[in-house]
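Visitor: First, the structure itself, so that you have it in front of you.
The values are calculated or read from the model by the stated rules, or taken from the named source; none is laboratory data. What you see is a predicted model; the values in this text were computed from it and never measured. When we count neighbours, we look across all protein chains shown, and the Cβ atoms used for this are built from the backbone with ideal geometry, even at glycine. Quick note on the areas: whole protein, heavy atoms, side chains included, nothing else; ligands and nucleic acids left out. Shrake-Rupley method; radii C 1.70, N 1.55, O 1.52, S 1.80 Å.
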Amino acid sequence: MVFLQRLTVGKIILKQYFKLFLFISVTIIIGYYLYENQREVPIEEVFLGKNWAKPILTLPDLKGVGAPTAKNCGNCHTETYEEWKLSTHANALSDVQFQSELAKSSSPKWICLNCHIPVQNQREMITIALRGGNYFKPIEVPNPNFNPEMKEEAITCATCHVRVDEKSNQSYVIGGSGGTSPPHPVQINPEFLKNRCNDCHNETYTLNQSLVCSFQTGTELKNNGSDKSCVSCHLPEVKRSFVKHSLHRPVRVAHRHGFIGGGVPKRFDLYKEQIRLGYKPGLVLSDFKWQNGNIHLRLQNQNANHHVTSGDPERFYRFVIEGIDQFGNVIYKNESKIGQEWEWSPKAKKISDSRIPFGETFKWELPSIPKSNLITKFRFQAIHVRLKGITSDYMVQSANDVPETYRNKVKQIKEIYPHSSIVIESVYDVKSKLRKDTPLEILFKRNAERRGE
């Protein structure tokens with residue numbers, strides 16, 4: 001009897017100990033969870049080795065220049081500055097498509113801005129850590145060195161050309177060639193400048209299952225075996241003085257700074273400068289003929305040392321072929337497309353990729369054309385599409401979510417923002433078997449007039 005009583009008491013004590021153990025364990029787990037969820041986690045710990053995870057640290061004034069703004073650089077480097085003002089880089093913050101994307105609740109804004117306004121001087125708030133390591137919970141403090149003028153310059157000169165010397169804590173300019181005597185300190189490092197593009201244009205990273213950054217232009221360039229860099233095409237060489245003529249410096253090999261891309265500028269008024277700044281299509285229409293009742297088309301990637309298209313995964317090419325009768329009526333039409341196909345929800349994943357790598361050819365053959373006996377001409381167009389109409393329709397509908405500065409521009413996006421560009425056009429005459437290619441100058445003049453399409 002005494003044994004049973006002791007056994008019962010023992011069981012009661014064990015239960016009490018178990019309950020106490022359970023309580024302590026749950027308390028520890030909850031406490032640890034709350035601690036981890038509230039802990040200030042360094043950005044470097046979350047995005048290990050990622051340059052785009054933080055802006056370029058604050059740049060002090062440059063000796064002989066002042067604040068490292070593009071405007072100040074332009075006081076001497078006048079031609080370079082005027083070219084830059086026309087570039088996609090200069091419009092990277094004011095880009096209405098970007099502003100619409102940035103306004104989405106799913107957008108980790110502080111990360112996106114690290115590429116679009118990459119210098120800490122440009123940030124009103126500085127992200128110093130992430131609450132619980134969550135990139136949607138940035139811990140921010142006011143920036144005492146915020147420069148609003150520099151913010152509006154977006155991807156400014158300093159993004160590539162200005163850094164701080166760790167020993168002296170003084171700003172210096174990174175140059176690609178020597179032999180000059182500017183008022184500011186210079187360090188010559190052409191390899192740094194060549195590789196700088198990859199920090200934003202060669203990154204694939206998955207934030208969560210529906211937020212994926214996918215830019216592989218640098219890798220595409222490296223894998224084609226060419227010795228060319230981004231600079232070779234996007235900053236073409238030009239012989240001129242590095243600075244304004246009144247300074248009487250010698251003419252040298254310099255680079256244009258229009259940063260020409262795929263031929264779809266950020267504003268319609270920028271079309272007129274595209275060719276002067278160095279644009280030419282990556283694709284070449286190498287063959288276009290009507291033979292034995294079939295259309296034969298060949299497009300080769302001769303000029304882009306990366307894939308066509310590259311960069312933004314939502315860019316693509318539309319290829320359009322039209323049959324025209326003797327009265328100028330389009331009586332036949334067919335289309336094809338090259339690009340990436342992505343599924344964005346519920347999980348982002350690439351479905352297919354039909355882009356054209358450097359040196360490779362897209363073949364398009366169309367047999368058994370209806371009403372072919374009435375067709376006197378065939379017209380081919382290659383159209384580089386940056387933004388689909390259905391996507392900009394959605395942007396218009398959600399324009400009230402965009403900051404007031406850009407709200408009306410988003411509402412007018414179809415009128416003010418080029419969605420696509422015709423970059424190749426060729427007309428084949430069935431009778432003479434000759435083709436006539438439309439000059440690029442005429443195409444870009446027409447592109448500038450295609451508002452609302």
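Visitor: Taking the Cβ of Asn169 as the centre, find all other residues whose Cβ is under 13 Å away and add up their charges (Lys, Arg: +1; Asp, Glu: -1).
Guide: Net charge in that neighbourhood comes out at 0.
Visitor: Oh, and also: Step through the residues of segment 107-119 one at a time and calculate ³J(HN,Hα) from phi using the Karplus curve (6.51 cos²θ - 1.76 cosθ + 1.60, θ = phi - 60°), rounding each to whole Hz and writing x for Gly and Pro.
Guide: 8, x, 3, 4, 6, 4, 5, 5, 9, 8, 9, x, 9
Visitor: Another question, if that's okay. Select from His384, Gln412, Leu193 the residue farthest towards the positive end of the dipole of the chain; place +1 on Cβ of Lys and Arg, -1 on Cβ of Asp and Glu, and compute about the Cα centre.
Guide: In the chain, that residue is His384.
Visitor: Please work out the C-alpha center-to-center distance from segment 295-329 to segment 220-292 and express it in whole Å.
Guide: Taking the Cα centre of segment 220-292 as reference, the centre of segment 295-329 is 20 Å away.
Visitor: Report the net charge of residues surrounding Thr405, where surrounding means a beta-carbon distance below 14 angstrom and charges are Lys +1, Arg +1, Asp -1, Glu -1.
Guide: -1
Visitor: Quick check: convex hull over the Cα atoms of segment 339-417, volume per residue in Å³, rounded to an integer?
Guide: Convex hull volume per residue, Cα atoms: 219 Å³.
Visitor: Here's a follow-up. Using a cut-off of 12 Å between beta-carbons, work out the net charge of the residues near Pro265 (Lys and Arg +1, Asp and Glu -1, Pro265 not included).
Guide: +1
Visitor: OK, next. Report ³J(HN,Hα) in whole Hz for each residue of segment 80-89, in order, from the Karplus equation J = 6.51 cos²θ - 1.76 cosθ + 1.60 where θ = phi - 60°; Gly and Pro get x.
Guide: Calculated HN-Hα couplings, in order: 4, 5, 5, 5, 4, 4, 8, 8, 4, 4 Hz.
Visitor: Okay, moving on. Kirkwood Rh and Cα-based Rg: tell me the resulting Rg over Rh for segment 192-325, rounded to two decimals.
Guide: 1.06
Visitor: For a 21 Å ceiling on Cα separation, which of these pairs sit above it: Lys71/Lys280; Lys151/Lys414; Lys280/Lys349; Lys54/Lys137; Lys337/Lys363?
Guide: Over 21 Å Cα-Cα: Lys71/Lys280; Lys151/Lys414; Lys280/Lys349.
Visitor: ³J(HN,Hα) across segment 335-346 via Karplus (A = 6.51, B = -1.76, C = 1.60, θ = phi - 60°), whole Hz, x for Gly/Pro?
Guide: Result, ordered by residue: 9, 9, 8, 10, x, 9, 10, 10, 9, 9, 9, x Hz.
Visitor: Also, quick follow-up: Find which of Gln340, Pro439, His248 sits farthest along the positive direction of the dipole of the chain, computed with +1 on the beta-carbon of Lys and Arg, -1 on that of Asp and Glu, about the Cα centre.
Guide: Gln340
Visitor: Quick check for me: using +1 on Lys/Arg Cβ and -1 on Asp/Glu Cβ, what's the dipole size of the chain about its Cα centre, in debye to the nearest 20?
Guide: Dipole size: approximately 540 debye.
Visitor: Could I ask something else about it? Taking the Cα atoms of segment 93-175 alone, what are Rg (to one decimal) and Dmax (as a whole number) in Å?
Guide: Using the Cα atoms of segment 93-175, the pair Rg, Dmax is 14.3, 42 Å.
Visitor: Something else about it: Please compute the Cα-Cα pair-distance distribution of segment 129-234 with 5 Å bins starting at 0, giving whole percents from short to long.
Guide: 2, 8, 12, 15, 17, 18, 14, 8, 4, 1, 0
Visitor: So what's the convex hull volume per residue for the Cα atoms of segment 376-453, in Å³?
Guide: Spelled out: Cα convex hull of segment 376-453, divided by residues, is 92 Å³.
Visitor: Shifting gears a bit: Which value, in Å² rounded to 10, gives the accessible area of Asp227 with a 1.4 Å probe and all protein chains present?
Guide: 150 Å²
Visitor: Quick query: amide H of Ile295 versus all other amide H atoms, modeled in the peptide plane; which residues come in under 5 Å with a sequence gap of 5 or more or a different chain?
Guide: Under 5 Å from the amide H of Ile295 lie the amide H atoms of Leu366, each far enough along the sequence or on another chain.
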